[in-house]
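The values are calculated or read from the model by the stated rules, or taken from the named source; none is laboratory data. All figures in this text were calculated on a predicted structure; none of them were measured in a lab. Positions of Cβ are backbone-derived with ideal geometry, glycine not excepted, and every protein chain shown enters the neighbour counts. To get the accessible areas, we keep the full protein, side chains included, count just its heavy atoms, and leave off ligands, DNA and RNA. Shrake-Rupley method; radii C 1.70, N 1.55, O 1.52, S 1.80 Å.
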Amino acid sequence: MPLVSTRQLLDEAAKGGYGVGAFNVNDMEQIQAIMEAAKETNSPVIIQASRGARAFAQDNYLYHLMLAAAELYPQIPLAMHLDHGNSFETCESAIKLGFTSVMMDGSLKPDGKTPATFEENVAVTKKVVDYAHERGISVEGEIGVLGGIEDGHGAGGSGLDHVTDPDQAVEFAELTGVDSLAIAIGTSHGAYKFTKKPDGSVLKMDLLIAIHKRLPNTHLVMHGSSSVPKDLQDIINQYGGKLKETWGVPVEEIQLGIKNGVRKVNVDTDNRLAITGAIRKVFVESPEKFDPRDYMKPARAAMQKVVATRMVQFGQAGHAGDYTAISIADMAKGYANGTLVTKPLVGAK
Ligand SMILES: [Zn+2]
């Protein structure tokens, strides 16, 4: 299938009542792991690249690897998404390159660290929406500020410092016309999310449910949603790693989110852990080996296993064949003639 828009994937997910994992990539092996997992589970999928990934891999490598994935897996609906765009220019360059979807994270100033005002966030997000929709490209916005830092992006601190206010979420969705909305409910980026198994005091699922009630048709996005499973931490530490004990977002909480309007679930850390554990194991058990394939193959297989597991848990498994691609040109027409609704339906408080 040609690369499709995230908006189409998320509209279909809403119809089917499931979530779609959005997995971060930096290189070919990660793209291969995700596509094999999608094939194995017959899942539509979002592959996303952060600014850090674009700098690491170079845009052209990334884009052509994604085209190869679309060519090799014609049965899989696949969107290519920019994770945490920090400015209009970053989103514009991604769209010019061929990304089918961008996130404008206007919750932070362009430095990617300092929280922005509501007005600044609305202004830059709206500018990206106007530019993107004219070209058929979907936009994810963010209201509230996530905790932690990943790839140099983030405000740091606890995920509870700037949780999303439901009234502001409604106003933001109305003023910007975003296709999907990332909300801050206590989650953080990175491996060290929580120092104990998260409960209602740190992960605000009640807030998510309240936002969904107010915006019943808006696709919600959960960032920082790796589960940081103990078995993956253990493999790293068993083979010489030094991870401190940590907890991620339990899969049951993500599934509760999916029952309440979450359609895109961002996962990166779990895959990083799986890759690192598999490589460490080879280095320790077979120190005589030096062919990168000897450790990249098990690393890729370990990531595939995590991704396939999440695809089943999020409910996207089995849904790859539900629909055919809407071309990006037709998406642009849909935004222009109003058949693709961008004004959110607002529910009661
Ligand atoms: Zn994020």
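Tabulated values for the structure
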quantity	calculated
Descending semi-axes in whole angstrom, ellipsoid equivalent of region 48-131, from the Cα gyration tensor	26, 13, 10
Cα-based shape type of region 301-347, given that a ≥ b ≥ c are square roots of the gyration tensor eigenvalues and the cut on a/c is 1.5	prolate
Karplus (6.51, -1.76, 1.60) ³J(HN,Hα), θ = phi - 60°, over region 141-147, in Hz, Gly and Pro reported as x	x, 9, 10, x, 10, 6, x
Share of Cα-Cα pairs in region 1-106 lying beyond 19 Å, as whole percent	38 percent
At q = 0.20, 0.26 Å⁻¹, base-10 log of I(q)/I(0) for region 206-279 (Debye sum, equal scatterers on each alpha carbon)	-0.80, -1.10
Rg and Dmax [Cα atoms of region 236-335; Å; Rg one decimal, Dmax integer]	18.6, 58
Length-normalised contact order for the chain - Cα pairs under 8 Å, 6+ apart - percent	22 percent
Percentage relative contact order, region 182-296, counting C-alpha pairs under 8 Å, at least six apart	33 percent
Kirkwood Rh (inverse of mean 1/r, distinct Cα pairs), region 103-230, angstrom	14.8 Å
Between region 101-145 and region 228-277, the Cα center-to-center distance that results, in Å	27 Å
Net +/- balance of residues flanking A33 in space, Cβ distance below 13 Å, scoring K and R +1, D and E -1	0
Residue-level accessible surface for S180, protein heavy atoms, 1.4 Å, Å²	0 Å²
Normalised convex hull volume, region 171-306, alpha-carbon set, Å³ per residue	114 Å³
Check: the chain dipole with +1 on Lys, Arg Cβ and -1 on Asp, Glu Cβ, in debye	440 debye
Accessible-area value, T117, 1.4 Å probe, nucleic acids and ligands omitted, Å²	70 Å²
Projected area, mean over directions - region 137-212, Cα convex hull, nm²	5.7 nm²
Gained length - D27 relative to I209, 0.36 nm times residue gap less alpha-carbon distance	61.9 nm
Whole-angstrom Cα spans of the chain along principal axes, big to small	62, 45, 36
Heavy atoms of I258: accessible area, 1.4 Å probe, square angstrom to 10	10 Å²
At R0 = 22 Å, FRET efficiency that the Cβ-Cβ distance of Q168 and A123 yields, to 0.05	0.90
